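The values are calculated or read from the model by the stated rules, or taken from the named source; none is laboratory data. None of the values given here were measured: they were computed from a predicted structure. Positions of Cβ are generated from backbone atoms using ideal geometry, with glycine treated the same way; all protein chains shown enter the neighbour counts.
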Amino acid sequence: MNVKDIAALAEIVRKKHAAEPIAEVQEKEGAYVRSPAVGVFYASPSPDSKPFVAVGDTVHRGDTLCIIEAMKLMNEIASDVDGKVVEICVGNGQVVEYDQPLFRIV
């Protein structure tokens with residue numbers, strides 16, 4: 001392939017993707033608890049203990065929901081609202097991004 005062929009292929013790909021509709025991300029009802037930092041999500045205080053919360057649990061403002069390990073620091077993440085946990089958006093041990101939804105509470 002020469003440079004003209006590569007440029008032509010790149011243009012075809014660009015036009016194809018430009019014509020595709022962008023999927024809208026709709027958040028479901030409820031309050032989302034989001035990660036305050038990039039780190040590792042832990043659902044429980046230690047590997048052999050039960051998770052802080054499970055789907056269906058009722059939580060109150062200030063209750064610990066999980067731990068985010070960031071830069072060797074363990075940060076307890078608390079609920080901002082009262083309600084019922086209807087979704088846990090990440091898995092135990094998963095790396096999370098800043099502002100990524102962790103829990104949905106209604």
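Annotations for the structure displayed:
- Strands (runs of 3 or more DSSP E) (entirely within region 50-106) containing at least 2 residues that are free of Cβ contacts under 8 Å to residues at least 60 places away in the same chain and over 13 Å from Gly39 (Cα atoms): 64-70, 83-88
- Search result, residues across region 38-48 that are part of a loop (DSSP other than H, G, I, E, B) and within 20 Å of Arg61 (Cα to Cα): Ala43, Ser44, Pro45
- Here Ala78 meets each of (1) of a type outside the set (Ser, Thr, Tyr); (2) out of contact with any Lys or Arg (no Cβ under 7 Å at 6 or more places or on another chain); (3) under 21 Å from Pro47 (Cβ atoms) with one exception, condition (3).
- Per the listing Val59, Val96, Val86, Val106, the residue uniquely under 12 Å from the mean Cα position of the chain (by Cα) and hydrophobic (A, V, I, L, M, F, W, C) is Val96.
- Positions within region 15-58 being among the polar types (S, T, N, Q) and modelled with pLDDT under 80, in sequence order: Gln26
- The number of residues in region 67-97 that are touching a strand residue (DSSP E or B) at 6+ places or on another chain (Cβ under 6 Å), closer than 19 Å to Lys28 by Cβ and not aliphatic (A, V, I, L, M) comes to 5.
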